[in-house]
Structure formats: structure tokens, C-alpha cells
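K.L.:
Take a look at the following structure, please.
The values are calculated or read from the model by the stated rules, or taken from the named source; none is laboratory data. Worth saying up front: this structure is predicted, and the values here are computed from it rather than measured. Using ideal geometry, Cβ is built from the backbone for each residue, glycine included, and neighbour counts are taken over all protein chains shown. When the accessible area is computed, the model is the full protein with side chains, heavy atoms only, and any ligands, DNA or RNA have been set aside. Shrake-Rupley method; radii C 1.70, N 1.55, O 1.52, S 1.80 Å.
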Amino acid sequence: GGGEGYLWGAVLGATLITLLKAELQDWLPKLLGTSGNFEIVVFGLLMLLVLQRAADGLWPLLAGFTRRVLKMSPDKRTLAPAGEVRLDHHALPPKGEQVLQAQKVTKRFAGLVANNEVDMDVRAGEVHALIGPNGAGKSTFFNMISGVDDPTEGQVRLKTRDMKGKPSRAFAALGLGRTFQHVRLLGERSVLDNVALGAHQRGHKGWVASMLRLDRAEEAAVLAEAMRQIERCGLGAVADTPAASLPLGQQRIVEIARALAGQPAVLLLDEPAAGLRHLEKQHLAELLGQLREEGLAILVVEHDMEFVMNLADRITVLEFGTVIAHGSPTEVQANPRVIAAYLGGDL
């Protein structure tokens, strides 16, 4: 009765039913006696009335009335539609410019040193890979440079700003997007819905406008941006498909499209090639190469050495939380410390 598909419609409907039930239980016996179950009959009649007068529920009626009242407000400049809505847009930094930087980043857990004075930077228009054996501290470092966790010591800078103590949403607002080792999608929702989530942070309408359905123009802009990123990533044919029904390779691309919808300057990818077949890895490498050419800064944490060596411009190698090598793929492959860390490592 409140309105299917409206969050506040569900609240309104549940509230009205609860209140009406209490009132009817008190008043119907007084009016009609206690010999029949009149409560069900009256509820049925009320439901028929709602279906006849408000087929979409009560909330759209209330929201429409509120919009009419607001439009009568004297300050129409702020309430009337403003034409085409544009989401926030940020130009990418020039190629080669340092976008993300870690300086002597250290993380301790009850005496255990997970990262020890790690220095690393990611520049616009490059793919930088972070590699190392299991337990090297890659995930801990990844969390610190994306705002999930704070360093014990050292500094993380994003677009020259010191991010000490800042939450992950502040990193996202400044232009950092990331994916996760295990795919995190709304499986029952379409690819379009999932990617649109990434664009919502670029809007301006708050929850009140959303509740009253005053954000239609902005919502259309968000969906248009989501579709643009879906096409950019080669997913146009599955835009309306539930995300969970896609193969793993496409699900990982959906995550990247969602991150791109937030218009990041730097993209952090946590093992994007894990579990992918050869052709899926090729498709992923082509997409990341395209994004690099467009000027994105990309940091990849990855175990697949063949994938990394064919893609990365620079590589940083961690062992026991410490940087043991840094350079081009050719330099890293020839480094004795790296070979020893991988036990003669099949690089």
C-alpha cells in the first residue's frame, strides 16, 4: 500500500497497517459487535480503495503532493528543474605526474611488523605492480594506501594531500577507486545497477531528495554515466543481465567499470587476474592497457607473474613487509634477491 519500489513507501505502508490494525480492533467491536471477523472485511475494502485510487501506492501520491507544495515556494531557482544535470567531473593529472605516494609506511600489529618503511609511488599513465610471496604484506599495504587502515608510521599522499587519519570515502572523493580480491557485486541486480553505484558519489542530491523522488534528472545522469563505462569496458551486451549470472572474468570487469564510474585518477586492483582463463586475462590486460593510455594511474597487486611481467611499467617487490626490489619487469626478473624470495622463483 505504501508503494512498491519506494523505500519510504514500505515504511509508510507498514506504519499505516500497524496503526489501522490497532484502531480497528478497538472500534469495530463497538460498532458492529463481536460476532464476526469484520477486521478482515474492512481491511479488504480499504485495500480495494487504495488499489483503485492509488495503484502505485500511497507514497507516490504523498511525494507528488510535496513536490507541488515545494514548487509553490517563492525561491523557484533552487527547486525548479535546472535542465540537464551534470555529475562532478575531474580532469586526470598529466601523464607522468605522481598521483599516489607512500613514504616510509610502516604497520605494526602487537609487535609484528607487517610493513617496514615501504616507499612507493604510482604515476598517471602507468601500470605499477606490487608483487611478493604469500605473507609479504601486500594486502596490509594495499589497505593503508586506500584508507581502509592507517599506517603506524609514515605518510600516504593522494594528489599531494596528506591522507593521515582520513577514511576510505575521503580517498574515493579525491579520486581513488579500487576493486577487491573477492568480487563484491550485488548478484541479483543488473550490471547497470552495479556500475551505477560507482557514479552516485559524483552526484549532489541527498537522501531527502531521493526519498521525495526529486532526483530523477540526476538519477538519469548517473545511469547514463554507468552505461558509458559499461560500453567502455565492452560489457554493453550484458548491461541488463544479473551480475551473478556472468562468468568470473566479466564480473571482475564489472567491478572495474563500477570503479571507473566514480571517475578515479588512480585505480587499485587487488588480484584482478585471479581465477581467470587465458582469454579473460587477455581481455583484462587490453582494458588496463587502454586505461593506461587514457592517463589513469593503475596499481595492481597480483600473483600471476606472467600477467604482471607483460603488463606493468614498473614493479615493486615486497618480502616480509620490506621492499627488496624496484624497477622495470626486466630489472626485477634479473634481481638475485627476487629470485631467492621466490625460491628460484619461476618468474
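K.L.:
For ALA244, only one of the following conditions fails: (1) under 28 Å from ALA102 (Cα atoms); (2) of a type in the set (A, V, I, L, M); (3) at pLDDT 90 or above. What is its number?
P.N.:
(1)
K.L.:
Ok, one more. Given the condition assigned to a loop (DSSP other than H, G, I, E, B), touching a Ser or Thr at 6+ places or on another chain (Cβ under 8 Å) and more than 21 Å from MET309 (Cα to Cα), answer yes or no: does some residue in region 138-147 qualify?
P.N.:
Going residue by residue through region 138-147, those that are assigned to a loop (DSSP other than H, G, I, E, B) are 145-147.
Restricting the remaining residues to those that are touching a Ser or Thr at 6+ places or on another chain (Cβ under 8 Å) gives 146-147.
Among the residues that remain, those that are also more than 21 Å from MET309 (Cα to Cα) are: 146-147.
Yes - at least one qualifying residue is present in region 138-147.
K.L.:
Would you pick out the residues in region 137-154 that are surrounded by fewer than 22 Cβ atoms within 10 Å (Cβ to Cβ), touching a residue at least 60 places away in the same chain (Cβ under 8 Å) and of a type in the set (S, T, N, Q)?
P.N.:
Matches in region 137-154: SER139, THR140.
K.L.:
Criterion first (in contact (Cβ under 8 Å) with a residue 24 or more places away in the chain and closer than 22 Å to CYS233 by Cα) does LEU318 satisfy it? Walk me through it before giving the result.
P.N.:
Numbers: in contact (Cβ under 8 Å) with a residue 24 or more places away in the chain: yes; closer than 22 Å to CYS233 by Cα: no.
Answer is no for this residue.
K.L.:
Go through region 188-217 and give me each residue that's crowded, with 16+ Cβ neighbours inside 10 Å, of a type in the set (D, E, K, R) and at pLDDT below 70.
P.N.:
ARG202, LYS205, ARG213, ASP215, listed by residue number.
K.L.:
Given the criteria touching a residue at least 60 places away in the same chain (Cβ under 8 Å) and in contact with a strand residue (DSSP E or B) (Cβ under 6 Å, 6 or more places away or on another chain), does VAL338 qualify? Quick ask: steps written out before the conclusion?
P.N.:
Values: touching a residue at least 60 places away in the same chain (Cβ under 8 Å): no; in contact with a strand residue (DSSP E or B) (Cβ under 6 Å, 6 or more places away or on another chain): yes.
It is false that VAL338 is touching a residue at least 60 places away in the same chain (Cβ under 8 Å) and in contact with a strand residue (DSSP E or B) (Cβ under 6 Å, 6 or more places away or on another chain).
K.L.:
For region 155-187: of the residues being surrounded by 19 or more Cβ atoms within 10 Å (Cβ to Cβ) and among the β-branched types (Val, Ile, Thr), which is modelled with the highest pLDDT?
P.N.:
Applying the filter and picking the extreme gives VAL156.
K.L.:
Residue under question is THR66, and the condition is that it be outside any loop (DSSP other than H, G, I, E, B), more than 21 Å from LEU311 (Cβ to Cβ) and at pLDDT below 60; does it hold?
P.N.:
Judged against the criteria, THR66 is a match.
K.L.:
Sticking with this structure for a sec: Can you name the number of the only condition in (1) closer than 21 Å to ARG161 by Cβ; (2) part of a strand (DSSP E or B); (3) open to solvent by less than 20 Å² (accessible area, probe 1.4 Å) that ASP119 fails?
P.N.:
Among (1) closer than 21 Å to ARG161 by Cβ; (2) part of a strand (DSSP E or B); (3) open to solvent by less than 20 Å² (accessible area, probe 1.4 Å), ASP119 violates only (3).
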